[in-house]
1. Just to confirm my filter: which strands (runs of 3 or more DSSP E) fall fully inside region 50-107 and include at least 1 residues that are surrounded by 19 or more Cβ atoms within 10 Å (Cβ to Cβ)?
2. Determine the pairs where a residue that is without any contact (Cβ under 8 Å) to a residue 24 or more places away in the chain, located within region 238-259, has a partner that is surrounded by fewer than 17 Cβ atoms within 10 Å (Cβ to Cβ) and assigned to a strand (DSSP E or B) with Cβ atoms under 6 Å apart, the partner being 6 or more residues away or on another chain.
3. Within region 112-135, take every residue that is over 26 Å from residue 151 (Cβ atoms) and among the small types (Gly, Ala, Ser) and give me the one that is surrounded by the fewest Cβ atoms within 10 Å (Cβ to Cβ).
4. Out of 88, 115, report the one residue that is out of contact with any strand residue (DSSP E or B) (no Cβ under 7 Å at 6 or more places or on another chain) and either farther than 30 Å from residue 27 by Cβ or touching a residue at least 24 places away in the same chain (Cβ under 8 Å) (or both).
5. Could you list, in sequence order, all residues of region 283-304 that are open to solvent by 40 Å² or more (accessible area, probe 1.4 Å) and under 15 Å from residue 270 (Cα atoms)?
6. Looking only at region 171-209, count every residue that is under 11 Å from residue 131 (Cα atoms) and among the charged types (D, E, K, R) and tell me the total.
7. Are there any pairs, at least 6 apart or on different chains, whose C-beta atoms fall under 9 Å, with the first in region 307-328 and within 15 Å of residue 339 (Cβ to Cβ) and the second assigned to a loop (DSSP other than H, G, I, E, B) and open to solvent by 90 Å² or more (accessible area, probe 1.4 Å), and if so, which?
8. Which strands (runs of 3 or more DSSP E) does region 155-234 wholly contain that include 2 or more residues that are under 22 Å from residue 262 (Cα atoms)?
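The values are calculated or read from the model by the stated rules, or taken from the named source; none is laboratory data. Since the structure is predicted, the reported quantities are computational estimates derived from the model, not experimental observations. All Cβ positions, even for glycine, are placed from backbone atoms using ideal geometry, and neighbour counts span all protein chains on display. Note: accessible area is taken over every heavy atom of the protein model, side chains too, but ligands, DNA and RNA are not part of it. Shrake-Rupley method; radii C 1.70, N 1.55, O 1.52, S 1.80 Å.
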Amino acid sequence: MKKFARTIAAFAVATPLMAVVDAAQAQSNVTIFGTVDGGVRYQTNANATGGSKVFMGSNGWNSSNKLDIAGTEDLGSGMEAHFLLENGFNLATGAFDNTTNTLFNRQSFVGIKGGFGAIDLGRQYTISHDFILEYDPYGFNYTSLIPLTQASSGTRFSNDVKYTGMLGPVKLELENSFGENAGSFNDGSARGIGLQYYVGDLIVGGSYNLRRVLVGTTYRNEDYYLTGVSYKFGDWKISGGYMIDTIDMRSTAPDTVTRNTFGGVAYSITERLKLTGGFYRTAVSTDKAERKDMTIIGLDYYLSKRTKLYTEVDYTKYRKTVVTTLNTAGAPHQTAFTVGINHRF
């Protein structure tokens, strides 16, 4: 964290000087922003003996704790250069939110944008992550509870080149993540395509990703498909989707097939009060617990445009009571509720 603190301090000192230089050159802009989220959660059946647990969401419950440095430069003729550096941190301890102490573990990319669309290079969200944001009833809030982040085809790709463009009412995204393995262009790589159609308040689309992932000592093909829809009418929004992820073991073992089905409704009761409900089902063919179903209801109260109080209650039921990756506590079911505060700056 000392290295991170020195980096931010140096940036803060340099920013006024940069502004002076920029005034005489092409118009540019650098901003610092982020999210700070803290809450407390109570959960039943937190272990195999049925014990309950009360704990703080160190990385945020309603949203992840993050610090962003973003910049743009107007190149003229409708062209723009931009970058984003995003750090994730643990609110309860102040540490990085990753075990490798990577400074900008969440995102770090640079790109260019114009009438042709945008091309970005670096570490960035996958296409499926971009699209799920529209289909998830919670818009990727409660990511540590809801299973969609883990089901977004890797969440983020390093060494990634992504194209985003609008073709009339259709958004097209293409990406290629380089595996950077000597002797093989494919091992460790990922490629994807996504199409999203906008018509009025209706959004419908889908994406496909092919990854070469390391399973044991061998690289295997992983196919990922996503489809979803979102429709907003008045103060209501209904959305949902389906995804299937298959790791091809080529007859050496059963294929691992993960299916996620989700949907829900959001309703803005007033300008300050929002109610959301969602259902999420995850089924894994090689997991002995087989399936889990999660129902979650959340209420947000906005103190301002940037600060809100939140609470949620969720219930998760497992198909089989056994300790597995899907059912880490080996419990038949779990009930929990969370309260917290979220501030964007």
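1. Working: elements: 53-56, 66-76, 79-88.
By residue number, 66-76, 79-88.
2. Partner pairs satisfying both residue conditions: 242/227; 242/261; 244/225; 244/259.
3. Per the stated criteria, the residue is 115.
4. That would be 115, the only listed residue that is out of contact with any strand residue (DSSP E or B) (no Cβ under 7 Å at 6 or more places or on another chain) and either farther than 30 Å from residue 27 by Cβ or touching a residue at least 24 places away in the same chain (Cβ under 8 Å) (or both).
5. The initial filter retains those residues of region 283-304 that are open to solvent by 40 Å² or more (accessible area, probe 1.4 Å), namely 285-286, 288, 290-292, 295, 297, 299, 301-304.
Matches in region 283-304: 299, 301, 302, 303, 304.
6. Qualifying residue count, region 171-209: 2.
7. Here the result reads 308/272, each pair linking region 307-328 to a residue that is assigned to a loop (DSSP other than H, G, I, E, B) and open to solvent by 90 Å² or more (accessible area, probe 1.4 Å).
8. Working: elements: 156-167, 170-177, 190-199, 202-215, 218-233.
Per the criteria, 190-199, 202-215, 218-233.
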